[in-house]
Structure formats: structure tokens, C-alpha cells
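Undergrad: Sharing a structure, written as C-alpha cells. Questions coming.
The values are calculated or read from the model by the stated rules, or taken from the named source; none is laboratory data. All of these numbers come straight from a predicted model, not from anything done at the bench. Ideal geometry is used to build each Cβ from the backbone, glycine not excepted, and the neighbour counts take in all protein chains shown. Heads up: the accessible areas ignore ligands, DNA and RNA and are worked out on the full protein's heavy atoms, side chains in. Shrake-Rupley method; radii C 1.70, N 1.55, O 1.52, S 1.80 Å.
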Amino acid sequence: MNDEGLDLQPKEITRRLDDYIVGQAKAKRAVAVALRNRWRRRQLPAELAADVYPKNILLIGPTGCGKTEIARRLATLARAPFVKVEATKYSEVGYHGRDVESMVRDLVDASVQLVRAEKIKEVEAKAAAASEDRIFQALLDMRGLHAYQDPQPGAAGTEEGSAYWRARPFQGKPPETATAAADSTQANEERRQQRAALREQLNARQLEREWIEVELRDSKTPTLSVMGPQGNETMGIDAQALQEMWGRAPQVKMKLRKLPLADARALIHDEEADKLLDMDAICQEAIDRAQNDGIIFVDEIDKIVGSGGGDGPDVSREGVQRDLLSVVEGCAVYTRYGHIRTDHVLFLCAGAFHFHKPSELIPELQGRFPVRVALQSLTEQDFVRILTEPKNALTKQYQALFATEGVKLEFTKDGVATLAAVAFRANKTTQDIGARRLMTILEKCLEDLSFDAAEHRGKSIVVDAKVVNDRLGVAGDDEDLIPYRM
């Protein structure tokens, strides 16, 4: 379990969220309490813990104010399986589109990948050593540096201690004279030295661009599409899984591929890591993590509020709400890894609610989101903070990108303030897209500098108010795009 991620006090959780998200203190407090309650539930007796359900949260606020980022960072902080979906992609059972339960299957897939990645780190050293040996053997094959005769343990010309030693038998008649035998021994010794030199080059990463031929698993595994439990969605099941279900031993197909050594190392490492993993245990832990730690973020929940006018026969918005209700309330969902219950999955829903109100959701669904938080629209000063304070601030990202070209990029205070002012003004005069406007503004401001970055190698570029005004003007938009605002 993720006790390290769960055993955090709410104050520490909000502090870590502050590293990436500006403002929105109420929303951070709400999700921090929800995460802490998971740890508290684990301390309870099993019988009582089964009846303690998560307090799902409804985040209400305009686009670009941090709703998605809060949910994503919370999942990362808790090391929990996380999936983000958009409510508009789902339709009521019986109509075309994805059924609501597919978001739970996506969560389990994310959980399996999360657990698998953690387990791979545990066997990293063994997998790396095994992959290096496979690459070494492939290089020996290409250069013909195997021993002339089958070495015996302790005999001259052997490489003791190598679990992956593979010798080729001597081709031709065995030596009949002492001279011939000595020649054979000398040849083996020369090859042993060449192998040792080759191993040193491999360990020193001096052969990364060399092309090698290796046998790898054929990734083009045939799949069979079958209808899901609801009858309106297909699920892919690979042939190997079907063979295991039918009790037949799966046959792994291998394919000889020629590719650069660096690329081959990554693929071979994955294969060797898979050999060391217990996938049954991984799947079991993944299901448990998804059931107890999983977070599903449903965006644009306001878009499935009935409009009253009807949108044609293909979509029933209220029907989607009722299907979502069954999942949020708690039910068993079939996945390719087994059944999973959603009783203790934390659901975070978000919406701008520009044209509808949360009270227009069906009453049953409203009741399943007892915690409601209104996020504030971003101010011009918030834009200044977003550009500079977070660990992943846009100005820091561009500085790192320009540094790869040997260019030092500097932003002055008045330059940042002007960028924030232009972005804030653009949101007011056109569509308000929140902090995402900063990406558009910064990219347009630095486009020419980025295009010619190689010509400024070894120089410093200062972005101040004058540079911003010269490159963006008052509107901060491309004049060619103005006709498309309407």
C-alpha cells in the first residue's frame, strides 16, 4: 500500500500542492482532507472501515483555474491510480459511445501500469545485468568471437562465473597433433582477450550507435474484440490471455530485429524485467490499489445536465447521469483483470457551470458529492505568480529549453508583469481560458527568438517590458486570427 503517500498531514499536502498550483486554497484544503481520510480509514477495524465511504468532491469554477491540475497532482502525491475522463464522451447504455463503466476499466489499466512500474524498479539491477549479457552474446554472434570448443569448468579458455556463457563447438576435425592443439589454445586465448575488450567497450557505452541483431518478442500480438458486459463497447483480449484462460501454454513468438544498440538495450531490458515479475501478484495488487486508492476525475460534468430542448435521439444526458450514479454509489465492474468494486474509489467531478447550476443535476447524483468547492477566477496578479512561483512555471520551462541551445534566457519583473497583463486582457476581451492563455502569449512572444536560438549560442536574451510590447502589441494576438474570434 502507499502508506508513504497517504500518511501526510493535510497541511503538508496543501504545501506540496502549493509547489505547482497558485491560489485555490479552499479546493486544496478539501482534497487534502479527502486524502487524509483515506489514511484514517485504514486505521479503523475492517468491519467499520467497509462502511466509511469517500466524500466525493464537486469542483466548480471557470476553465483554466486549476481544477484538473489539483486532481492530477493529488494523485501523484498519493501515488494513487488516476484517470481523467470527460463526461461528454459517455452516453447512456443503449446509445453509441462509451459506457460509463469503461472509466473504471481505464482506472484498473492505469493501476496495473503503476504497480508494474514500481516492481520494475525493484528488479532494475537484475534486469540490467541480464540485458547486458544478452547484448554481449549478440555482439559475439556478429563478430564470431565464441570459443572454438566447449569449455569445461576450470579448463583453459573458459569464463567462470558467467551464467550466460554459450560456447560454439569447434567446426571441423579435432586437433591431432600437439602443435594443432597449441594453435587451438592460442586462438581461444586471443578470442578471450577480444571478448574481454568487447565487454569493456560495452560497459563504457562506447558501442551505443552500433547496429546489432537480436531476437525480441513479437509485439504484434493478435487481439480478439469482444463485446463488453453492457453490449455497447468492445474490449481487446490478446491471444496469449485466451490461451491461458483455456489452459494451454502460451507460445511467445520471437522475431529477429536489427536496430541500434541503445534502442535494443531498452527493449531487452523490458523483456528481462518481465521475466522477473509476478504478473498475477501485480494484477492482484493493482485491483486492490484501484479499489481503495483510485481517483477518477470527471471533467465537464456540467455538460451532461439536461438542456430541456433535447439534443436528438442519440444522446440522453440524464441517462448518462444515472449510469454515472450507479458507479459512484458503488458497484462491481468487470475488467480483464477481474471484478472491481467502486465503493471506495474517490470521484472528483468538475465543471464551469456557466449555463447550468449544480442543483440541476439529478438529486441522487448531487447527494453523492457532499463536498462542493467554488474555485476563483484568476486575477492579473495570479498570472504573475503562475509565471514565476511553481516548480514547473512556464518561464522556468522556457529557460531550460533555451539552455539546451546554449542561450541564457532572463525574464525581468516588468517583463513578467507585462506578459501577465496582456494575457489577462486577452481573456477579458476574447474567450476566458484561464491560465492556458499564458501558453499562447509566451509562445507568440518567444517564437522568433526560439526559431533563431542557435544563432544566439553563448549569449543572454533578456525579456523585459519593451520586448514583450514590441512582439505582442496591445492585443497579444495574431492579427491574422482576429477575424476568427467571432
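Undergrad: What accessible surface, in Å², does a 1.4 Å probe find on M439, ignoring ligands, DNA and RNA and rounding to the nearest 10?
TA: The accessible area of M439 comes to roughly 110 Å².
Undergrad: For K119, give me every one of the lysines with a C-alpha distance below 25 angstrom, ignoring sequence neighbours fewer than eight places off in its own chain.
TA: K84, K220, K253, K275
Undergrad: Would you kindly state how much longer the chain becomes between K396 and R217 on full extension, computed as 0.36 nm times their sequence separation minus their alpha carbon distance, in nm to one decimal?
TA: Details: separation 179, 0.36 × 179 = 64.44 nm, distance 4.10 nm.
Extending this stretch completely gives an extra 60.3 nm.
Undergrad: Related question: Within the P(r) computed for segment 271-391, what percentage of the Cα pairs occupies the region above 18 Å?
TA: On the way: 4818 of 7260 pairs.
Cα-Cα pairs of segment 271-391 separated by over 18 Å account for 66 percent.
Undergrad: At a 1.4 Å probe radius, which order do K396, K67, K459 fall into by accessible area, largest first? All intermediate terms of the calculation are to be shown ahead of the outcome.
TA: Details: K396 80, K67 20, K459 110 Å².
Result of the area sort, largest leading: K459, K396, K67.
Undergrad: Number of Lys pairs in segment 332-478 with C-alpha atoms less than 16 angstrom apart, excluding same-chain neighbours closer than eight positions? Don't skip to the answer; put the middle values down first.
TA: Values: K396/K408; K396/K413; K408/K459; K413/K466; K444/K466.
Close lysine pairs found across segment 332-478: 5.
Undergrad: By per-residue mean of other Cβ atoms within 10 Å, what is the highest-first order of 202-209, 126-133?
TA: Working: 202-209: 12.4, 126-133: 17.4.
Per-residue mean Cβ counts within 10 Å order the peptides as 126-133, 202-209.
Undergrad: For segment 50-140, what is the accessible area per residue in Å², given a 1.4 Å probe and the full set of protein chains?
TA: Values: 3500 Å² over 91 residues.
With the other protein chains kept in place, segment 50-140 gives 38 Å² per residue.
Undergrad: Here is a follow-up. Per 0.36 nm of contour for each residue apart, how much would the distance between T430 and R322 grow if the chain were fully extended, relative to their Cα-Cα spacing?
TA: Working: separation 108, 0.36 × 108 = 38.88 nm, distance 3.57 nm.
Gain on extension, T430 to R322, equals 35.3 nm.
Undergrad: Set the Förster distance to 25 Å, then compute FRET efficiency between A403 and L259 from the Cβ-Cβ distance, nearest 0.05.
TA: Details: r = 31 Å, r/R0 = 1.23.
After rounding, the FRET efficiency stands at 0.20.
Undergrad: Let me ask you something else. Under a 1.4 angstrom probe, counting protein chains only, how are T68, T404, T185 ranked by accessible area, largest first? Before the final figure, lay out each step's value.
TA: Values: T68 20, T404 110, T185 75 Å².
From most exposed to least exposed: T404, T185, T68.
Undergrad: For D464 and V52 in one chain, what is 0.36 nm times their gap in residues minus the Cα-Cα distance, to one decimal in nm?
TA: Taking 0.36 nm per residue and subtracting the Cα distance, the gain is 142.9 nm.
Undergrad: Counting Lys and Arg as +1 and Asp and Glu as -1, each charge on the Cβ, what is the dipole of segment 399-470 about the Cα centre in debye, to the nearest 20?
TA: Details: 10 positive and 11 negative charges, 59 e Å.
Taking the Cα centre of segment 399-470 as origin, the dipole is about 280 debye.
Undergrad: Follow-up. Please name whichever of V33, I60, A50 sits farthest to the positive end of the charge dipole of segment 1-86, dipole taken about the Cα centre and charges placed at Cβ: Lys and Arg +1, Asp and Glu -1.
TA: After comparing all options, I get I60.
Undergrad: Please list, in order along segment 48-61, the HN-Hα scalar couplings obtained from phi with the Karplus expression 6.51 cos²θ - 1.76 cosθ + 1.60 (θ = phi - 60°), rounded to whole Hz, x for Gly and Pro.
TA: 6, 4, 5, 9, 8, 9, x, 8, 4, 10, 10, 9, 10, x
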